[in-house]
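The values are calculated or read from the model by the stated rules, or taken from the named source; none is laboratory data. Remember, it's a predicted structure, so these values are computed and weren't measured experimentally. Using ideal geometry, Cβ is built from the backbone for each residue, glycine included, and neighbour counts are taken over all protein chains shown.
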Amino acid sequence: EVQLVESGGGLVQPGASLKLSCVASGFTFSDYWMSWVRQTPGKTMEWIGDIKYDGSYTNYAPSLKNRFTISRDNAKSTLYLQMSNVRSEDTATYYCTRRGSYWGQGVMVTVSS
Amino acid sequence: DIQMTQSPASLSASLGETVSIECLASEDIYSNLAWYQQKPGKSPQLLIYYASSLQDGVPSRFSGSESGTQYSLEINSLQPEDEGDYFCQQSYKFPLTFGSGTKLEIK
């Protein structure tokens, strides 16, 4: 059974950094592109970016590429999202997905002082 | 960016009815469209990919179609478990973009 389990969320202050993790199981992680998607409290869905199966290529939403970095460790079957200089508008539930076909349960990030 | 205009924002229908949700793409996306269902408090689940292909395990009462840049999700014979939010997403061009969602209530 495919499972994606995110962690690392919580309450953070504006301007801080945060790293989310997503541990994958039930499939060969290194065979798949992976994505991060976020959903605001108002339910708006926003694609953050993708990473190629070997980590050699990433693609980001233009509005986020200067602050967010996606990486992966195939040996640990883990996907990461490094967020820097966070803002209140980054408050959302962050989902790890196998390019849309499977989704994690999501992790909440709240940016507030 | 490709804009996905989704309608209606909400709808209410009775058990057994058929409903349709639409997404209009701002340009041709060549069938690169997915539909997701999100039940309250849960993560999205893929229903339809490539406009009309049914994801494994999804009931056949869900179907997708397209006409030009207009994409539709039809749900036949509504069941109580169909209540939730529905989103479309285009994957033809980066950045990938979503519709604004449709909240489906079962009366």
Original post:
Looking at (1) modelled with pLDDT of 95 or more; (2) surrounded by 15 or more Cβ atoms within 10 Å (Cβ to Cβ), can you tell me which one A:Gly100 breaks?
Top reply: (1)
**OP:** Looking only at region A:59-67, decide whether some residue is at pLDDT 95 or above, touching a Phe, Trp or Tyr at 6+ places or on another chain (Cβ under 9 Å) and buried (at least 21 other Cβ atoms within 10 Å of the Cβ).
**Re:** no
**OP:** Starting from region A:95-110, take each residue that is more than 7 Å from chain B (Cβ to nearest Cβ) and within 16 Å of A:Ile51 (Cα to Cα) and list its partners that are part of a strand (DSSP E or B) and among the small types (Gly, Ala, Ser), counting only C-beta distances under 7 angstrom and pairs at least six apart or across chains.
**Re:** A:Thr97/A:Ser35; A:Arg99/A:Ser35
Original post:
With (1) crowded, with 22+ Cβ neighbours inside 10 Å; (2) within 11 Å of chain B (Cβ to nearest Cβ); (3) of a type outside the set (Gly, Ala, Ser) as the list, and A:Leu81 as the residue in question, which single condition is left unmet?
Top reply: (2)
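Please find, within region B:35-55, the residue that is farthest from the other protein chains (Cβ to nearest Cβ) out of those that are modelled with pLDDT of 95 or more and not in a strand (DSSP E or B).
So the residue we want is B:Ser52.
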Original post:
Under 7 Å by Cβ, and 6 or more places apart or on different chains, what pairs join a residue from region B:40-61 that is within 16 Å of B:Ser91 (Cα to Cα) with one that is at pLDDT below 95?
Top reply: B:Leu46/A:Gly100; B:Leu46/A:Ser101
Subject >> Index of the failed condition, B:Gly99 passing every other in (1) touching a strand residue (DSSP E or B) at 6+ places or on another chain (Cβ under 6 Å); (2) surrounded by fewer than 20 Cβ atoms within 10 Å (Cβ to Cβ) >> reply: (2)
Original post:
Any idea which residue in region B:76-88 is nearest to B:Gln3 (Cα to Cα), counting only those that are more than 7 Å from chain A (Cβ to nearest Cβ) and outside any helix (DSSP H, G or I)?
Top reply: B:Cys88
